[in-house]
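The values are calculated or read from the model by the stated rules, or taken from the named source; none is laboratory data. Nothing here was measured: the structure is a model prediction, and the numbers come from that model. Here the Cβ is made from the backbone with ideal geometry for all residues, glycine too, and neighbour counts use every protein chain on show. What goes into the accessible areas is simple: the full protein's heavy atoms, side chains included, and nothing from ligands, DNA or RNA. Shrake-Rupley method; radii C 1.70, N 1.55, O 1.52, S 1.80 Å.
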Amino acid sequence: MARLGRGGFLALAVVFHLVYIYSIFDIYFVSPIVHGMRPYRVESDRAPAKRLVLYVGDGLRADKAFQSFPDPSPPDPANADLTPHPLAPFLRSRVLEHGTFGVSHTRVPTESRPGHVALIAGLYEDVSAVTTGWKLNPVDFDSVFNRSRHTWSWGSPDILPMFKEGALPGRVDADQYGEEFEDFTQDATMLDTWVFDKVKDLFRSARTNSTLDAVLREDKLVFFLHLLGLDTTGHSYRPYSKEYLHNIKVVDQGVQEITKLIDDFYGDGDTAYVFTADHGMSDWGSHGDGHPDNTRTPLIAWGAGVARPEIYRDAKAPGHEDGFSSDWGLDHVRRHDVDQADVAALMAYLAGVEFPVNSVGRLPLTYLAAPLQQKANAALVNAKQVLEMYHVKEEQKRATSLNFKPYSAFSKANGSIADRLSAVETAISQGQHEDAIELSSSLFSDGLQGLRYLQTYDWLFLRALITMGYLGWIAYAATTVIDLHVLHGSVSDDRTIGTTMAFSSVLVLMYSFFVIERSPVTYYAYALFPVFFWEEIFARRKAFISGFRVLFDHVQGVSAFSLLFIQTIIYMIIIEGLVQSYFHRTILSVCYYFGATFPLRYGAEFIKKNKILVLSWAAGCLVLSTFTLLPAIKVEDANTITAGGLLMLGAGLAYLYYEHDIHTQSKSRTADSQPNVISRMIMGLQLGIILLTIIVTRSSVASLQAKNGLPLGNQAVGWFVLLASIILPFVHRISPNKHYLHRLVIIFLTFSPTFILLTISYEGLFYFAFCFTLLAWVRLEHAIQVHDASQPETATSPSANGVTITSTPSSQPANLYPEKTFRTLALTDLRRALFFLFFLQSAFFSTGNIASISSFSLDAVYRLIPIFDPFSQGALLVFKIMVPFAVISAALGILNRRLGLQSSALFMVVMTLSDLMTLNFFWMVKDEGSWLEIGTTISHFVIGSVLCVFVAGLEGVSHALISGVEVDAFEDQVKENGGLETVKGKKQLESNGVATSNGTAVRAAVDERLVIE
């Protein structure tokens, strides 16, 4: 096939990585939902309860629900009692006297939608469902609400609709407030009092509405109160704040009032109550990942059918062994922990309805006030419900597999599902109820493992296929880089009909297998890429070998090879260090320390000649090294934000003041690169925008911290400065200054308001230091290039000091710019690509941990969007995160031009290197262990995969940002030193029409080159 140029290579990179990112969903996030199961319920003469009330305190951490604190909202603050007391005395009384309690352990992602699905449907939903529908059901699943006779629900528009729309028509009533109520800058307790008031209105109406009264007195009813205030308050003020603790008091008082109201209305004692939360919250007011603060939620059940507390007067009660509840004052009450999905099974049993058919929840028998025989029967029914799901799923898999292997636990002699169910029923009939419960529990566990076996049936094959694809891409990318930027396409492909048929046969064989197994269409794409890549690599093997000779031909002698080997080991250690930095941010600090000293290897003469530049570089590295030592958890600090803004403003003013002197020293002295009045005026406007941003940000922070909400004027000015800062750079086209340093300053000032308005702490300081260090790096690498060119080439140096500049036609597809002269890649450029890759990682992790969803704070976003809108607010956060990468892309684009490289050269090298990290992350992905480990490793893989796509996009960003700039190019020095001459040498014409000189591939025709003397 025809060779791909730069554009084709970038397009292929984007398509390949996007497709392979999706593989994570085919491997780990395949929907567990199947249909066609018969429902099961525990048959009894009378259900444990006629009705069920579910309270969900959205975002309530388990520890905060039970710990004691001084009153956060005393009637008389001046004479407040600072003695710690429980903030939820009513709920605590349920634990001590009336019911059973424990900790409900959630799974990642710890977000509202999957948490409520687990609680109400007993299903750990496919994580990708969060992206396909935040409010409504993207898939059909059963729920306790759907199994009830009728459900009334009150609360947030983000949660209620998905259960109403997913149930039978008319089965669920949803009374919700408007989205404008979810204002993060206002008192969020009103969200909870709204719910309590609506419940009171319902029962008040029943006194005068006989039809409603009759419906309310039927059985199998569910009342669902979604209490969002805690989550909203926690996001705004953190879960250790007085506001959050006060919200706990409000919830406790509301629960007490509603419980009394319902008990008084019915007066029959046939109401069961469950209080829990969908997820917890981190100390910095976020959630989403598997941190224990996010996964541990309270669970309290009381009322009809619920066991009373187990009190241990003279000893520590079971369940507290982990020490988590040591400061709750409940060590004498047995703690019964459950998985979150178990709550759905508990509610179905208490209400006397069928278990949701997709539920994987295990019925927590210790919560039941029932005789042993009834518990044994309930455990058996619970196991049958899960085994029914296994049976349907197994039949589906068997129908699409060539050689299906059933789950081993159910294929043993006398170990079939039917045999084991019969053994449980026999034990029950013989009165061996404890044995029956054990057998049912074992059967239930095997059923879950069997479901997991079927869920992961294709994992080994898929992992091998994806690995071959990534290895193929790395090798193909390396070959393409050599072809475009070392050999310039001088060596033709060696492809025969035989090799083409061989690779095609492999693809046809795999496709046939997919057709028989009725595999998803994505499997075909996963197979296509590795076959394509490895066929291309095989066809270009001569080019790869020739390019290898070009790069390493100057390495002669044992000492040179030894030094090259040592440098290669160090290089791989650094890449592995970047992988580990995803887990330990401090590794980036260590890398900065080493980076600060690397100019020393060029000797005292170089240091003396460029001492200010070297010191600037070292200072920048040392300053940046401190940011990864700071905690990712930040607290809003207006003074730190202001300090960062003033540094940005000062840098801009300093440039304006010294601009004439800077340009006088520059070698780019064309009319278009000289200072002009209009450009300076526009830059002055940019500085004014920065000053206005500082003022409005301080005002907004003060207003929000004082709980006065966001003034409309501040919001308007905030949007104005954000949009104006992005628009003003385009005005520079009126009278452009094309000097590269002027362009970099414009870019720096463009995004400065963003790093003031959308930050909460030291991010602005990082932005200033980061841009300063990038500028020092660009100038330092150019100085190194000049220094290397002035040194005599030695056989012991593994870097190509004698760099060749090749003249090419302007239509060369590998170059975005109009220059016709550029040099080939050399080994030393691998170091520059590694630095670029390192700066990318630093931009990601220096001010936070982007691999953790819950490390993001929404405080800054409230200055523009105070009303809850996850996608708009998330878009602003992502925009801020992307800003440093725009600066990096501009810096690398300038560096490419100053070094005389083609525009895409270093970008393509980085795209090749980045997937070495991706492959590491792919094999680090865990499907066992804690949910924190599982979620973290998956997010790392996705980030690593996106990185290559991101770098491809950065090249386009670089072209847009530095288009037309003039630099002190290395090309100019080449022309001065070497001039244009014809490269001559001993040539031997091969059969393929390619001439070689000392084993180096060149074009058969005479080639004009610029050489350094």
*For Leu4, all conditions in the list (1) loosely packed, with under 15 Cβ neighbours inside 10 Å; (2) in a loop (DSSP other than H, G, I, E, B) hold save one; what is the number of the exception?*
(1)
*Among the residues of region 713-747, count how many are of a type outside the set (A, V, I, L, M), within 21 Å of Val957 (Cβ to Cβ) and open to solvent by less than 20 Å² (accessible area, probe 1.4 Å).*
6
*State whether the residues of region 201-220 include one that is open to solvent by less than 10 Å² (accessible area, probe 1.4 Å) and of a type in the set (Val, Ile, Thr).*
no
_Listing of helices (runs of 4 or more DSSP H) fully contained in region 748-859 that carry 2 or more residues being of a type outside the set (Asp, Glu) and either open to solvent by 10 Å² or more (accessible area, probe 1.4 Å) or at pLDDT below 90 (or both)_ = 763-790, 828-845
*Matching residues in region 95-135 - criterion: being among the aromatic types (Phe, Trp, Tyr) and at pLDDT 95 or above*: Phe101
*Residue that is farthest from the chain's Cα centre (by Cα) [pool: residues in region 520-564 that are among the charged types (D, E, K, R) and open to solvent by less than 60 Å² (accessible area, probe 1.4 Å)]*: Arg540
*Does region 15-30 include one or more residues that are exposed (fewer than 14 other Cβ atoms within 10 Å of the Cβ) and without any contact (Cβ under 8 Å) to a residue 60 or more places away in the chain?*
yes
*(1) under 37 Å from the mean Cα position of the chain (by Cα); (2) crowded, with 18+ Cβ neighbours inside 10 Å; (3) modelled with pLDDT under 90: which one isn't true of Gln567, the others all being true?*
(2)
*In region 440-457, how many residues are free of Cβ contacts under 8 Å to residues at least 24 places away in the same chain and over 27 Å from the mean Cα position of the chain (by Cα)?*
2
*Among the residues of region 562-599, write down those that are under 18 Å from Leu913 (Cβ atoms) and of a type in the set (Ser, Thr, Tyr).*
Thr568, Tyr571, Ser581, Tyr582
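This table checks each residue for (1) over 26 Å from the mean Cα position of the chain (by Cα); (2) part of a helix (DSSP H, G or I); (3) β-branched (Val, Ile, Thr); (4) modelled with pLDDT of 95 or more.
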site	(1), (2), (3), (4)
Gly595	yes, yes, no, no
Glu605	yes, yes, no, no
Lys608	yes, yes, no, no
Ala619	yes, yes, no, yes
Leu630	no, no, no, no
Val635	no, no, yes, no
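From Asp81, Asp71, Asp26, which residue is charged (D, E, K, R) and not in a loop (DSSP other than H, G, I, E, B)?
Selected residue: Asp26, the only one of Asp81, Asp71, Asp26 that is charged (D, E, K, R) and not in a loop (DSSP other than H, G, I, E, B).
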*Checklist (1) over 25 Å from His105 (Cβ atoms); (2) in contact (Cβ under 8 Å) with a residue 60 or more places away in the chain; (3) not in a helix (DSSP H, G or I) applied to Phe355, failing item*: (1)
*Check whether at least one residue in region 159-171 is part of a loop (DSSP other than H, G, I, E, B), at pLDDT 85 or above and closer than 24 Å to Val251 by Cβ, and report yes or no.*
yes
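Conditions (1) touching a residue at least 40 places away in the same chain (Cβ under 8 Å); (2) under 28 Å from Leu18 (Cβ atoms); (3) in contact with a helix residue (DSSP H, G or I) (Cβ under 6 Å, 6 or more places away or on another chain); (4) assigned to a helix (DSSP H, G or I), marked per residue:
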{"position": "Ala525", "(1), (2), (3), (4)": "yes, yes, yes, yes"}
{"position": "Leu528", "(1), (2), (3), (4)": "no, yes, no, yes"}
{"position": "Glu536", "(1), (2), (3), (4)": "yes, yes, yes, yes"}
{"position": "Ala543", "(1), (2), (3), (4)": "yes, yes, yes, yes"}
{"position": "Gly547", "(1), (2), (3), (4)": "yes, no, yes, yes"}
{"position": "Gln556", "(1), (2), (3), (4)": "yes, no, no, no"}
{"position": "Ser559", "(1), (2), (3), (4)": "yes, no, no, yes"}
{"position": "Ser562", "(1), (2), (3), (4)": "no, no, no, yes"}
{"position": "Gln567", "(1), (2), (3), (4)": "yes, no, no, yes"}
_I'm trying to understand the selection: among the residues of region 910-942, which are at pLDDT below 80, assigned to a helix (DSSP H, G or I), among the aliphatic types (A, V, I, L, M) and open to solvent by less than 30 Å² (accessible area, probe 1.4 Å)?_
Ile934, Ile938
_Testing Leu330 on (1) touching a residue at least 24 places away in the same chain (Cβ under 8 Å); (2) open to solvent by 10 Å² or more (accessible area, probe 1.4 Å); (3) aliphatic (A, V, I, L, M); (4) more than 20 Å from Pro48 (Cα to Cα), one condition comes back false. Which one is that?_
(2)
*Write out, first by first residue and then by second, each pair whose Cβ atoms fall under 6 Å of each other, whose residues are 6+ apart or on separate chains, and whose first residue, in region 173-188, is surrounded by 18 or more Cβ atoms within 10 Å (Cβ to Cβ) while the second is of a type in the set (A, V, I, L, M, F, W, C) and assigned to a loop (DSSP other than H, G, I, E, B).*
Glu182/Phe868; Thr185/Leu710
*Tell me, yes or no, whether region 367-381 has at least one residue that is open to solvent by 10 Å² or more (accessible area, probe 1.4 Å), closer than 30 Å to Val34 by Cα and either of a type in the set (Lys, Arg) or outside any helix (DSSP H, G or I) (or both).*
yes
_Residue tally, condition over 33 Å from the mean Cα position of the chain (by Cα) and within 30 Å of Val967 (Cβ to Cβ), over region 703-751_ = 12
*Tally the residues that are more than 24 Å from Phe90 (Cβ to Cβ), of a type outside the set (A, V, I, L, M, F, W, C) and open to solvent by 10 Å² or more (accessible area, probe 1.4 Å), restricting the search to region 258-285.*
1
